[in-house]
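The structure appears below as structure tokens.
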Amino acid sequence: MRIVQAEYLLSAPDLDICPDDGRPEICFAGRSNVGKSSVINALTRRKKLAHTSNSPGKTRSLNYYLIDDSWYLVDMPGYGYAKISKKEQARWGREMKRYLLERQTLQLVVVLLDIRHKPSALDEEFLFWLGEHQIPFCIILNKSDKISKNKASQQEKAVARMLRDMNIEVPVFAVTANNPDSLDDFFLFAMDFVQESR
Ligand SMILES: Nc1nc2c(ncn2[C@@H]2O[C@H](COP(=O)(O)OP(=O)(O)OP(=O)(O)O)[C@@H](O)[C@H]2O)c(=O)[nH]1
Ligand SMILES: [Mg+2]
């Protein structure tokens, strides 16, 4: 099972502009620069569907991609980007929380973390918040090409421990956007969420 068709639909600066056709959606969230847009490109096997950049803060709205005419991938703006004013960050934070809580068609939140680093306080807060609000989510540990297999499995264990401490039970997938095949297990898991909702 693979994505055949993927096209950019629209960029929604806030919740009120999101599509209202009832198609199910999966969103990608996480710190700025962690590779959300790159993973979307890898999943859809398109090089430039979602804009990626070396400088964080590239994605500033909810970007909607229509997949196989039946569901949406949503690229969220990254959090923790220091160059945006505090006021703007707070506004975004509120808008994103509203999206995550109120979006009826949202089936699954995919939280990306950088496999090389310990999750930041912001990451932990976000994961806790999702758990608290019983929003279905899973975790992708991205950029696994940047560390050894050994180190990667240590990091996976550390994240599993952190989740246990928060009483959260969700799947964790170690991947790299540089190798689309590394996303296979994640993709199978995610597909259950868009299919169930149809
Ligand atoms: N080596 C390696 N580089 C990656 C990987 N994923 C992303 N990158 C690089 O990391 C940088 C940021 O990637 P983006 O996909 O733009 O990150 P983002 O999370 O969408 O960032 P924002 O839109 O700012 O929130 C780019 O230079 C990517 O090429 C990966 O798995 N391995
Ligand atoms: Mg992006």
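Summary table below
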| read-out | value |
| --- | --- |
| The chain, helix-only ellipticity at 222 nm - DSSP H runs n ≥ 4, -39,500 (n - 2.57), divided by all residues, nearest 500 | -11000 deg cm²/dmol |
| Packing-based exposure ordering (other Cβ within 10 Å, fewest first) of His133, His117 | His133, His117 |
| Positive-end residue of Ser85, Leu73, Val109, charge dipole of the range 46-169 with Cβ unit charges | Ser85 |
| Fewest-first sequence of Asp181, Asp68 by Cβ atoms within 10 Å of each Cβ | Asp181, Asp68 |
| ³J(HN,Hα), Karplus 6.51/-1.76/1.60, whole Hz, each residue of the range 60-77, x for Gly, Pro | 10, 10, 7, 9, 9, 10, 8, 10, 6, 6, 10, 8, 10, 9, 10, 8, 8, x |
| Distant-in-sequence amide H partners of Ala6 (H built 1.01 Å from N, under 5 Å) | Asp68 |
| Packing-based ranking, highest mean first, of 168-179, 96-107, 35-46, 135-146 given that Cβ atoms within 10 Å are counted | 35-46, 135-146, 168-179, 96-107 |
| Listed pairs Lys48/Lys83; Lys47/Lys143; Lys97/Lys157; Lys47/Lys157 exceeding 20 Å between Cα atoms | Lys48/Lys83; Lys97/Lys157; Lys47/Lys157 |
| Compactness of the chain, expressed as Rg and Dmax over alpha-carbon positions, Å | 15.7, 45 |
| Debye, to nearest 20: dipole size of the chain, +1 on Lys, Arg Cβ, -1 on Asp, Glu Cβ | 980 debye |
| Simple Cβ-charge dipole of the range 155-198, Lys/Arg +1 and Asp/Glu -1, about Cα centre, in debye nearest 20 | 180 debye |
| When the range 80-127 is reduced to its Cα atoms, the Kirkwood hydrodynamic radius in Å | 12.5 Å |
| Cα-derived Rg to Rh of the range 1-105, Kirkwood definition | 0.96 |
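Any read-out appearing in this document is the output of simple, stated calculations on the displayed coordinates, not a laboratory observation. Computed from a predicted model, the values in this text were never measured in an experiment. We place every Cβ from the backbone using ideal geometry, glycine too, and count neighbours over all the protein chains shown.
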